[in-house]
Amino acid sequence: MKLGNYQRGMLARAKSVQGGVLTKGPKGKWYINLILRLEVPTPPTGGGKVVGLDMGQRYMATLSSGIQVSGGGVKSRRIHLRNKRAEVRSKLDTGRTKGLSALWERLSGKERRFVDHTLHTLAKRIVDSLEPGDTLAIEDLTGLRSRTVKRGKEARHLHNLWPYARFRSLLGYKAALKGVQVVAVDPRDTSKTCSRCGHCDGANRKSQALFRCQRCGYQQNADLNASANIAQRAGSTGAGRRNTAPILGISTLHRPFPKAHAL
Ligand SMILES: [Zn+2]
């Protein structure tokens, strides 16, 4: 059996192996997925910082701590795989051949693995930037309605391209293993509210990239401003606490998020 460092570390940390699933990969290789029981560290209380996470189009993730993860070629590759699959699908409608069906299967697997790998990597990078005892605030985008309230086209795009519920559960368990708590807050108007004075106005959003407050003149990268609002809604004590809002969900391994609708 071939084991990577990550898998080795996880196995060493595991209290027990709960079970496993054996699957055959695309090139005839066999894979085993093990289900492990792990001890979750108790986060140290007090002193941790609250970091807001904004997910958008230009940057896959923007943290209020200043870290931005760009999608790089990820978005175009995803769209490419999608289009290719759509092409094969339309051919399958007119005439089904063995080769075509196999191609369809292969593309589906390819896309699924690509999405999964991307989301894993993104969640890991976010959690790596946090310390035990920190709180990560994310937008509650499980309901379609709150999504459409968010940024219209941008939110729908995100919805179509990346399975949000899957990302949230990955983020939840990776964070829990590090002693980081994830909380979900109301996503409404996070992109058009000023994180300095709290003024909410569609005109604040000068462009996709730039936020400029019509009242106090505060100017900031639009994604960073949004992530600061998200952090504040989770009780961040950073500049201004005007926008605190009820926390909609708390994720730990003991208290999982309410089940999100299938994407
Ligand atoms: Zn302002």
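The values are calculated or read from the model by the stated rules, or taken from the named source; none is laboratory data. These figures come from a predicted structure and were not determined experimentally. Note: ideal-geometry Cβ built from the backbone for every residue, glycine included; neighbour counts use all protein chains shown.
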Legend entry - Evaluation of Lys27 against (1) surrounded by fewer than 10 Cβ atoms within 10 Å (Cβ to Cβ); (2) farther than 23 Å from Ser108 by Cα (one fails), failing number: (2)
Inset, instruction - Identify all residues within the range 203-235 that are of a type outside the set (A, V, I, L, M) and more than 14 Å from the ligand (Cβ to nearest atom); write none if there are none. - result: Ser207, Gln208, Asn221, Asp223, Ser227, Arg233, Gly235
Inset, instruction - Could you please find all residues in the range 1-49 being touching a Gly at 6+ places or on another chain (Cβ under 6 Å) and of a type in the set (A, V, I, L, M)? - result: Ile32, Leu34, Ile35
Legend entry - Selection within the range 83-120 - over 28 Å from Gly56 (Cβ atoms) and among the β-branched types (Val, Ile, Thr): Val88, Thr94, Thr97
Inset, instruction - Residues being in a loop (DSSP other than H, G, I, E, B) and over 12 Å from Leu130 (Cα atoms): count how many of those fall in the range 162-183. - result: 2
Legend entry - Members of the range 30-58 that are at pLDDT 80 or above and buried (at least 19 other Cβ atoms within 10 Å of the Cβ): Val50, Val51, Gly52, Leu53, Asp54, Met55
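Restricting to the range 122-174, and then to whatever is among the basic types (Lys, Arg) and closer than 21 Å to Ser64 by Cα, can you tell me which residue is modelled with the lowest pLDDT?
Kept after step one, since they are among the basic types (Lys, Arg), are these residues of the range 122-174: 124-125, 145, 147, 150-151, 153, 156, 166, 168, 174.
Narrowing further to those that are closer than 21 Å to Ser64 by Cα: 124-125, 147, 150-151, 168, 174.
Details: Lys124: 93, Arg125: 93, Arg147: 42, Lys150: 48, Arg151: 52, Arg168: 88, Lys174: 93.
Step by step, filter the range 122-174, then rank; the result is Arg147.
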